[in-house]
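Trainee: Starting off with a structure, shown below.
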Amino acid sequence: MTFYASQNSAEREFQAGRLDWFPCRSSAIPRLRKTLGDGLGVAPLPRGEGGDASPINELRVLALGTNTSRSSRARALAFSHFSVNPLSQRNLTLGSQVVLPANRFVRVPVSSSATLRAMVTSAQQGSQTNTLVELIHSNDPRVAEIQTLLTTLVFGEVSPTRAGQNLVAILRNRP
C-alpha cells in the first residue's frame, strides 16, 4: 500500500497508469472517464480481514438564510422541494452517474450500471461508519490527536492493532 500526500497526486499516478487502483470520490469519475475511457472500472472498496470496507459518505445539504424576503424564501423552498422529488433525484442520478439520490425513497437502478451498483454498495458500507462520524466534529480537539495517530500508523511507527486501540481510547475521551 502506498500513501500519497494528496488525493490529486494519487489520481495523477492512476491516470498515468502507474497504479492499478486507488480509492476516490464519485465526483472524480467523469474526470477519470475522460482520460481513461473504457479502461476505467469502478468498484467498491474491497473487503478486508476485519470485514467490509468503511468509506465515509459525504452529504450535501441545502440551507436557508434568515435574512431573505418572504418571496425569496418561498422560491428557495420550492426549489428545494423540486430538487428532492423522486423524478428529479432519479434523473440526476442516472444522468450524472456520480451522485446517489438524497431522497431515500428513490430506488437506484443498479442492474443498469456497474458504476451505480458500486456506489450503492459503497454507501451501504459507509453507513456502518455513521456512529463513528457522529462522535467527531471538525472543531473537536481530538481531530488533531487522530491525525497524529494516523500519521504514525502510515509511517509504520505503530501497528494497526495498537493504532486501533489508541483510536478507541481517543474517542472515549470526550472533549
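Computed from the coordinates by the stated procedures, all read-outs in this text should not be read as laboratory data. Quantities reported herein were computed from a predicted structural model and do not represent experimental measurements. As a convention, Cβ positions derive from the backbone with ideal geometry for all residues, glycine included, and neighbour counts pool all protein chains shown.
Trainee: For the range 111-162, which trypsin sites (Lys or Arg not before Pro) are both in a DSSP coil and crowded by at most 15 other Cβ atoms within 10 Å?
Mentor: Passing both the DSSP loop test and the Cβ count: no residue.
Trainee: What FRET efficiency comes out for residue 151 versus residue 91 if R0 is 45 angstrom and r is the Cβ-Cβ distance? Round to the nearest 0.05.
Mentor: 0.60
Trainee: What's the longest uninterrupted piece of the chain once you rule out the chymotrypsin sites (Phe, Trp or Tyr not before Pro) that are loop residues per DSSP with at most 11 other Cβ within 10 Å?
Mentor: 22-104
Trainee: Quick one: 134, 11, fewest Cβ neighbours within 10 Å first, how do they rank?
Mentor: Taking fewest neighbouring Cβ atoms as first place, the list is 134, 11.
Trainee: Select from 6, 109, 27 the residue farthest towards the positive end of the dipole of the chain; place +1 on Cβ of Lys and Arg, -1 on Cβ of Asp and Glu, and compute about the Cα centre.
Mentor: 109
Trainee: Let me ask something else. For the pair residue 2/residue 110, report the inter-label distance in nm, with labels modelled 7 Å from Cα in the Cβ direction.
Mentor: So the two model labels end up 3.2 nm from each other.
Trainee: To continue, here is another question. Tell me, 127, 111, 122 in order of fewest to most beta-carbon neighbours within 10 Å?
Mentor: In order of increasing Cβ crowding within 10 Å: 111, 127, 122.
Trainee: While we're here: Dipole of the chain, Cα-centred, from +1 at each Lys and Arg C-beta and -1 at each Asp and Glu C-beta, to the nearest 20 debye?
Mentor: Dipole size: approximately 800 debye.
Trainee: Let me ask something else about it. Direction-averaged shadow area of the convex hull around the Cα atoms of the chain, nm²?
Mentor: It is 13.6 nm².
Trainee: Give me 106, 99 sorted ascending by neighbouring Cβ count inside 10 Å, so fewest comes first.
Mentor: Final ranking by Cβ density, sparse to dense: 99, 106.
Trainee: With a length cut of 20 Å (Cα positions projected on each helix's long axis) and a Kyte-Doolittle mean of at least -0.5, go through the chain and give me the DSSP H helices that pass.
Mentor: Those that pass (Cα extent of 20 Å or more, hydropathy at least -0.5) are 70-84.
Trainee: Can you give the three extents of the C-alpha atoms in the range 81-175 along their principal axes, from longest to shortest, in whole Å?
Mentor: Principal axes ranked by extent give 48, 29, 17 Å for the Cα atoms.
Trainee: Calculate the length of the line joining the C-alpha centroid of the range 117-169 to that of the range 1-72, in whole Å.
Mentor: First find each Cα centre; the distance between them is then 17 Å.
Trainee: Now for a separate question. Where does the chain land at 222 nm, in deg cm²/dmol rounded to the nearest 500, when only DSSP H runs of n ≥ 4 count, each adding -39500 (n - 2.57), divided by all residues?
Mentor: Per the formula, -15000 deg cm²/dmol.
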